[in-house]
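Every number here is computed from the coordinates shown, using simple stated rules; none is lab data. Remember, predicted model here, so these are calculated numbers, not experimental data. Note: ideal-geometry Cβ built from the backbone for every residue, glycine included; neighbour counts use all protein chains shown.
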Amino acid sequence: MPTVDPKDGRSSIHGDAYSDINTISATKYFYDHGFLESYFRPIHNYVPEYEKIPGVIYGPSNVYTHYPALADNLDGAWAKLVHSTDDRILRVLPTLFSLAFFFFIYFFLNYWMQDKQAAFIGASVILLSNYFVGWGDTLYKHTYEEFLKWVFVHGFLYYWFKSQSKILLFGLIVFAAIIANASPEPIVFLSVFCYGVGLAFAKSWKRFLNPAVICIGIGFVAGWGLHIYLNKLYLGSWEKTWQDLWTAFIYRTADCADPSLCGSSFKKIYKIPYIFLNRMERFSLIPGYAFAVFFYLAVKSWKNKNPFEQKIAWIFLAASFAWYFGMTQHAFAHSFVGRQTGILVAWVCGTGILEYYKKWKSDFKNPRTTTLRKTLHIVFLIYIIVMAVTQQIKDIYWNSAISYWFS
C-alpha cells in the first residue's frame, strides 16, 4: 500500500481519508511532548518545529476529544519505542496486529462453526476484502478496534458456553473497559451482542437481566468514564467537559451542528436497510444483495441442524445495525461504518455460498430447470463478479498495490 498522502490521506479508508493524517499528527505530538501534557488526548494539525518550512504559515493545532484515543496512544508509544515518526516505520505496529488478526479470524470461525469448510470460506471472503486488506497497515483505530472486537466476542462465547469462570468474566470486564477506549462503536456492537446472547440462550429472568451481561456493561461504562475524565483533565472543568460531550452527541446523532439540518439524520432512518446493504460492497467481496441471498440460505440451512449458528447470525445482524441507531448522523456520514458487518459476513458467507452452490449444481443438472432460472443464476454471479472487481479488486489490489509499484 502507498504511504499516506499529506493532502489526500488514504482513500481506501472510504469516508475517513484524513484519519491517518490526524493519527500521524497525534503520534508526532506524543513523540515530542509525551502523553501527560495533553492527558493522552490526540492533537491534530500538529507540525513539529523541525519539520516547518520557513515562510509557510501553519494553522493552529487542536485537541480531539470526541473519540477515545487508544490507537493514537499505541502509535505514540510505538514511535517512542522505535525512536521514529516515519509513517512507514509506524505502520509496522498495526501490520503486526493485522497479522495476528489474520490468523485469529480463521481460528475463531473454525472453533465455533461445525462446518470447517464453511468456516474457511467465510474467513477467506473477509480476509481478501477491503475490510481487512484496505486497513491492514492503517494507523487509525479501524484495525485495532475490529481485532479487539473479534477477540472479545470469542471470549464472551467461551465464557457463556464453555467456562463460566469468574476469572474469565473479570478479564472480560477489564477488556470491555479497554475496548471502550478504542472507540464508542464496538461498545454499541458488543453491548447488543452480549444482550442478544443472553436473550437467546439464558433461561427465565436471566434472559432479560443477566448478571454477566450487566457486569460487562459496567466495564464499558467504566472505560468510557475514563475517557471523559481525561477530557476533564485537559479541558479544566466538568462544565466544559459535559458541554463538549453534549455537543458531540447531538451532532453525531441528530445532526444539529447546523440548526437548519437538526434532526435530518433521523428523517433518513427508513434508508438504513438500503445503506446497510449498499455499503457492503465497499468492504466485502460479496456485495450486499448477494449477501442477503446467502444470509437467507445459511439461516434456512441452520434452522433444524444448527440452531446455535442461526441464533448467533441473527445476533450479529442486530449488532451490525445498532450503530445506525446509536450514532445516526455519524453512520450516514461515514461509509466506513459498513465494516461493522465484517464478523457477520464472515459468519454467514461460508455456509451461504455452499448452500447456493448446491442449488446451482442441482438446477443446471436438472433438465426440467427453466431457461429463466438458469439465466437468473448467471446474472447473479455476474453481479457478484462485477461488484467485486469494481469495488474491491480495482481499488485495493490494482490502484493501491499493483499499479502503484509500476507508477
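Fewest to most neighbouring Cβ within 10 Å: what's the order for 280, 387?
Exposure proxy ranking, most exposed first: 387, 280.
If a/c stays under 1.5 just call it rounded; otherwise compare a/b with b/c (prolate if a/b is bigger, oblate if not). Do that for the stretch 86-186, with a ≥ b ≥ c from the square roots of the Cα gyration tensor eigenvalues.
Note, shape of the stretch 86-186 comes out oblate.
State the label only: which of (i) 21, 40, 27, 11, 2; (ii) 24, 56, 18, 1; (iii) 26, 61, 13, 0 corresponds to P(r) over Cα pairs in 20 Å bins from 0, in percent computed from the shown model?
After the calculation, the listed value that fits is (ii).
In this model, which of 141/394; 116/303; 116/206 are farther than 21 Å apart at the alpha-carbon?
141/394; 116/206
Go ahead and estimate [θ] at 222 nm for the chain from helices alone: -39,500 (n - 2.57) per DSSP H run with n ≥ 4, summed, over the residue count, rounded to 500.
-20500 deg cm²/dmol
Give the dimensionless ratio obtained when the Cα radius of gyration of the stretch 275-407 is divided by 2.2 N^0.38 Å.
Cα Rg divided by the expected 2.2 N^0.38 Å: 1.22.
How charged is the neighbourhood of residue 198? Take every other residue with its Cβ under 9 Å from the Cβ of residue 198, and add Lys/Arg as +1 and Asp/Glu as -1.
That sum, taken over residues with Cβ under 9 Å, equals +2.
What is the fewest-to-most order of 91, 207 by other Cβ atoms lying within 10 Å of their Cβ?
In order of increasing Cβ crowding within 10 Å: 207, 91.
Which whole-number percent is the relative contact order of the stretch 123-189 (Cα, under 8 Å, 6+ apart)?
Reported relative contact order: 30 percent.
Build a GNM of the chain with springs between Cα atoms under 10 Å: which of 246, 112, 135 gets the top mean-square fluctuation?
Fluctuation is largest for 246.
Before anything else, pin down the relative contact order of the chain: Cα pairs under 8 Å, at least 6 apart, normalised by residue count, whole percent. Spell out each step's value before the answer.
Numbers: 521 pairs, mean separation 77.8, N = 407.
Normalised by residue count, the contact order of the chain is 19 percent.
Between 219, 236, 55, find the one with the highest GNM mean-square fluctuation for the chain; connect C-alpha pairs within less than 10 Å.
Evaluated over the chain, the most mobile residue of the options is 55.
State the Cα centre-to-centre distance between the stretch 170-248 and the stretch 27-90 in whole Å.
Comparing the Cα centres of the stretch 170-248 and the stretch 27-90, I get a distance of 27 Å.
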